Amino acid sequence: MEIRLAKSAGFCFGVKRAVEQVYTQADSGKKIYTYGPIIHNEEVVKDLEKKGVHVIDETNLDEVSEGTVIIRSHGVEKAVCDRIQERGLECVDATCPFVKRIHKVVEKESAAGKQIVIIGSATHPEVMGIMGWSSTPVVVIETEEEAENFVSENDREICVVSQTTFNYIKFHKIVEKLTKKGYNISVVNTICNATEERQTEAREIAREADVMIVIGGKHSSNSRKLYEICAKECEHTYFIQTLADLKLELPKSVGLVGITAGASTPNNIIEEVQNYVRINF
């Protein structure tokens, strides 16, 4: 039986950078907080808690009187950055540079009077953060149906951006729907190259695999999208967070097991799963 691990599986550049910054700060001896979970992986967050790193959010930020607040890789609204500075707290911005780029685009284009359209999930922290950098009304679109029903406010010019981890095939379909409406529209494809590469590779492996394993956090948007992509190509697709979640019974006819993992999945978890499958099957 062959085991094929996706080359792109595991921490992406932005996540690796953010996690390293938190671990470095955790060894500084200061009081360290992250605004929201630094990444969508419970195992990493638990490990940081053991090192004294606490997670805060908008409900208890005002209770923090000293220490360092680290902005998570997803980024936050501009108002949150302002509140941290107003409280005189040290701020370490671990926002993924690709997300930071979207903040700058949205800030600039909205200042020019354009309506901002974000293609992504309205409840995802990255999207909520992006919305907070716009000075004009923002619309979030996640489906083709929502794109068909979209009406521009007062026929404003429109600037379209995307959640970095959005499904790139769905993105292009939604953009096509919006473009056909005839508005004055500019589109900035802000899907991260690593996301597109990860999704493409997962799809290719799943097409050939008899069994596909996707490893990622329960709340990880990019991991769930990988699962959706793989499940369309491979009937026997499993979505797990750690090895403990893997309940795998493989028939002898299985020739290829594919493994991929979301951008917030540590290498040690990927290796555990890969070794388990290799030794036990």
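Descriptive notes on the structure:
- Those residues of the range 11-60 which are surrounded by fewer than 15 Cβ atoms within 10 Å (Cβ to Cβ), touching a Ser or Thr at 6+ places or on another chain (Cβ under 9 Å) and assigned to a loop (DSSP other than H, G, I, E, B), in sequence order: Ser28, Lys30
- Candidates Ile270, Ile259, Ile205 - the one that is in contact with a Lys or Arg (Cβ under 6 Å, 6 or more places away or on another chain) and at pLDDT 95 or above: Ile205
- Checked across the range 248-263, the condition of being surrounded by 14 or more Cβ atoms within 10 Å (Cβ to Cβ), free of Cβ contacts under 8 Å to residues at least 40 places away in the same chain and either over 15 Å from the mean Cα position of the chain (by Cα) or outside the structural domain of Arg17 (by TED's automatic domain parsing) (or both) holds for at least one residue.
- Residues in the range 23-50 that are farther than 13 Å from Cys96 by Cα and under 18 Å from the mean Cα position of the chain (by Cα): Thr34, Tyr35, Gly36, Pro37, His40, Asn41, Glu42, Glu43, Val44, Val45.
- Set Ala94, Ala6: member being aliphatic (A, V, I, L, M), in contact with an Asp or Glu (Cβ under 7 Å, 6 or more places away or on another chain) and crowded, with 20+ Cβ neighbours inside 10 Å: Ala6
- Filter result for Ala112 (surrounded by fewer than 16 Cβ atoms within 10 Å (Cβ to Cβ), on the phi < 0 side of the Ramachandran plot and under 15 Å from the mean Cα position of the chain (by Cα)): no
- Test: residue in the range 244-258 that is closer than 24 Å to Arg72 by Cα and polar (S, T, N, Q): no
- Condition check for Val99: hydrophobic (A, V, I, L, M, F, W, C), part of a helix (DSSP H, G or I), buried (at least 19 other Cβ atoms within 10 Å of the Cβ) and under 20 Å from the mean Cα position of the chain (by Cα): yes
- Taking every residue in the range 113-134 that is over 19 Å from Glu153 (Cα atoms) and of a type outside the set (Val, Ile, Thr) and pairing it with any residue that is outside any loop (DSSP other than H, G, I, E, B) and at pLDDT below 95, at least 6 positions away or on another chain, the pairs with Cβ-Cβ distances below 8 Å are Ser121/Ser221; His124/Ser221; Glu126/Ser221.
- Any hit, the range 73-84, residues being over 13 Å from Gly129 (Cβ atoms) and surrounded by 14 or more Cβ atoms within 10 Å (Cβ to Cβ): yes
- The test for being in contact (Cβ under 8 Å) with a residue 40 or more places away in the chain and outside any helix (DSSP H, G or I) holds for Ser8.
- Selection within the range 166-195 - in contact (Cβ under 8 Å) with a residue 40 or more places away in the chain, over 18 Å from Ile116 (Cα atoms) and among the β-branched types (Val, Ile, Thr): Thr195
- A single entry from Ser121, Ser65 fulfils the requirement of being at pLDDT 95 or above, assigned to a loop (DSSP other than H, G, I, E, B) and surrounded by fewer than 21 Cβ atoms within 10 Å (Cβ to Cβ): Ser121.
- Residue in the range 161-180 that is surrounded by 18 or more Cβ atoms within 10 Å (Cβ to Cβ) and in contact with a Cys (Cβ under 8 Å, 6 or more places away or on another chain) present: yes
The values are calculated or read from the model by the stated rules, or taken from the named source; none is laboratory data. Given the structure is predicted, the values throughout are model-derived calculations rather than measurements. Cβ atoms come from the backbone with ideal geometry, glycine included; neighbour counts cover every protein chain shown.
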